[in-house]
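Report on one structure; see the data block that follows.
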Amino acid sequence: MTDAVWYFAYGSNMQPATFRGRRGIEAMRTVPARLSGWRLVLDKPPLLPVGHAMANVVEAAGHDVYGIAYAVTPADLAHIDLTEGVLIGNYRRVSVRVAPIDGSEPLDAFTLTSEHRDPTLRPSDRYMALLIEGAEGHGLPPEYITWLRSLPADPESLEAAAARRLIDRALKKEPR
């Protein structure tokens with residue numbers, strides 16, 4: 001894995017069907033991990049204004065975010081940047097250090113964060129189900145999953161469902 005880079009996912013990219021299926025990325029390695037000094041927030045407006053929030057992380061001493069560290073190629077990381085809107089300022093890529101939850105050596109990784117926030121938005125119940133399914137499937141701590149389940153969510157709007165179908169077609173990476 002000499003040309004691999006680590007990407008830390010904390011939102012819907014934790015869910016395999018989203019990362020492999022929707023984005024078309026096959027990770028070389030997958031490691032459940034903790035990002036310390038950051039907090040998960042669910043108040044990030046999406047690119048298309050559909051009335052629901054997306055996941056984001058903000059620096060916050062004393063907090064932890066659990067997620068998945070994926071070993072990917074630099075081309076895969078560029079695809080993540082493209083499909084998450086890094087190139088247009090939707091998120092920005094930052095370097096972080098994550099600790100695998102199995103206690104192995106910390107990893108230098110990239111994650112995405114955004115200054116775009118709207119405290120009036122809440123995630124959709126569909127979006128939260130993706131986060132919970134990803135967290136459960138990768139064996140993240142039960143107390144973190146319980147916390148995710150406790151977060152308020154709204155039913156997915158008709159606008160969000162229509163936009164998702166359109167976006168799904170645009171996100172998938174073309175075969176090499």
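The values are calculated or read from the model by the stated rules, or taken from the named source; none is laboratory data. Note that the structure is a prediction, hence the values are computed from the model and not measured. Virtual Cβ from ideal backbone geometry, glycine too; neighbours counted across all protein chains shown.
A few comments on the model shown:
- In the range 47-68, the residues that are assigned to a strand (DSSP E or B), out of contact with any Leu (no Cβ under 9 Å at 6 or more places or on another chain) and among the hydrophobic types (A, V, I, L, M, F, W, C): A60, A61
- Restricting the range 117-163 to residues that are among the small types (G, A, S) and assigned to a loop (DSSP other than H, G, I, E, B), the residue that is farthest from A53 (Cα to Cα): G139
- All told, L87 falls short of being of a type in the set (A, V, I, L, M, F, W, C), touching a strand residue (DSSP E or B) at 6+ places or on another chain (Cβ under 7 Å), farther than 17 Å from G134 by Cβ and assigned to a helix (DSSP H, G or I).
- Some residue of the range 47-56 being of a type in the set (V, I, T) and at pLDDT 95 or above: no
- Residue within the range 112-128 that is modelled with pLDDT of 95 or more, of a type in the set (A, V, I, L, M, F, W, C), touching a Ser or Thr at 6+ places or on another chain (Cβ under 7 Å) and surrounded by 14 or more Cβ atoms within 10 Å (Cβ to Cβ) present: no
- Scanning the range 77-87 finds no residues that are of a type in the set (G, A, S), buried (at least 17 other Cβ atoms within 10 Å of the Cβ), out of contact with any Leu (no Cβ under 8 Å at 6 or more places or on another chain) and under 22 Å from A27 (Cα atoms).
- Pairs where the first residue, in the range 3-16, is under 17 Å from L107 (Cα atoms) and among the charged types (D, E, K, R) and the second is in a helix (DSSP H, G or I) and at pLDDT 95 or above, C-beta under 9 Å, 6+ apart: D3/P74
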